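FYI, it's all coordinate maths here, none of it is from the lab. Keep in mind it's a predicted model, so treat the numbers as computed, not measured. Cβ sites come from the backbone with ideal geometry, for glycine too, and all protein chains shown count toward neighbours.
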Amino acid sequence: YNHERYIGECIESVMAQQVDFPLQHIIVDDASTDGTRDVIAAYAQKCPHIRPVFLKEKDWTGKGANIRTLFSRCRAQYAAPCDGDDYFTDPRKLQTQVDYLDANPDCALCFHPVDVVYEDDPTRTRRYPPPEVLPGGLREKYTLKDLFHCNFMQTNSVMYRWRFREGLPAWFDPTLMPGDW
């Protein structure tokens, strides 16, 4: 919502991904009042893999209408969310994650650390998660039990093994998406 200043960089970072699979980029705008919609529409006109969805009104209830809208359209084997004010820095991010999930069928998702850049001072950054918040330290695999300790995954670092390619089940709760928590 209202990511006009950032959405271009986000889209460009997805377009820069080097992958050996077809990429579908679903972008949901929940009725931004700035120029976000125009930026998205301009990219969608040039790039057939971009699938824009323009909601008619902002969901102020916090019930996750935009998340439900996004994931209800996902038909891919994997899903990798990226908020409009985030972007990917590694052009092989998506390919690396697909390769990992393909090689590890016991994993429901994978993630990586991210660099947080501060808007008021772009030279100031920090790495998240810091090793000290990781339950049991730095390991290759974590469990659901580890997530009860704290949310150590940033939204734009996650790739899910998407199990709802035929549509969302009735029990799907979009408010459980970690977002920036």
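For Lys46, list the aspartates and glutamates whose Cα falls under 19 Å from its own Cα; do not include residues on the same chain fewer than 8 positions away. In chain and number order, the partners are Glu4, Glu9, Glu12, Asp29, Asp38.
Average 1/r across all pairs of distinct alpha carbons in the range 1-80, invert it, and you get the Kirkwood radius: 13.3 Å. Sum up the charges of everything whose Cβ sits under 13 Å from the Cβ of Lys56, counting Lys and Arg as +1 and Asp and Glu as -1, but leave Lys56 out. Taking every other residue near Lys56 into account, the sum is -2.
Tally Lys/Arg at +1 and Asp/Glu at -1 over every other residue whose Cβ is under 11 Å from the Cβ of Phe172; what's the total? Charge balance near Phe172 sits at +1. If you take all other residues with their beta carbon under 15 Å from the beta carbon of Gln24, and give Lys and Arg +1 and Asp and Glu -1, the sum is +3.
Full extension of the chain segment joining Asn104 with Arg73 gains 8.6 nm, where the gain is 0.36 nm per residue of separation less the Cα-Cα distance.
A straight chain from Thr61 to Asp120 at 0.36 nm per residue would run longer than the Cα-Cα distance by 18.4 nm. Straight-distance candidates among the aspartates and glutamates for linking to Lys141, with alpha-carbon spacing under 17 Å and chain neighbours fewer than 8 residues away dropped: Asp99, Asp102, Asp106, Glu132.
The fraction of all Cα pairs in the range 29-172 landing in successive 10 Å bins from 0 to the largest distance is 9, 31, 39, 19, 2, given as whole percents.
Build a GNM of the chain with springs between Cα atoms under 10 Å: which of Ala65, Ala31, Ala103 gets the top mean-square fluctuation? Most flexible of the set in this elastic network: Ala103. Based on C-alpha pairs under 8 angstrom that are at least 6 apart in sequence, the chain has a relative contact order of 26 percent.
Using R0 = 41 Å, the C-beta based FRET efficiency linking His49 and Trp171 works out to 0.85.
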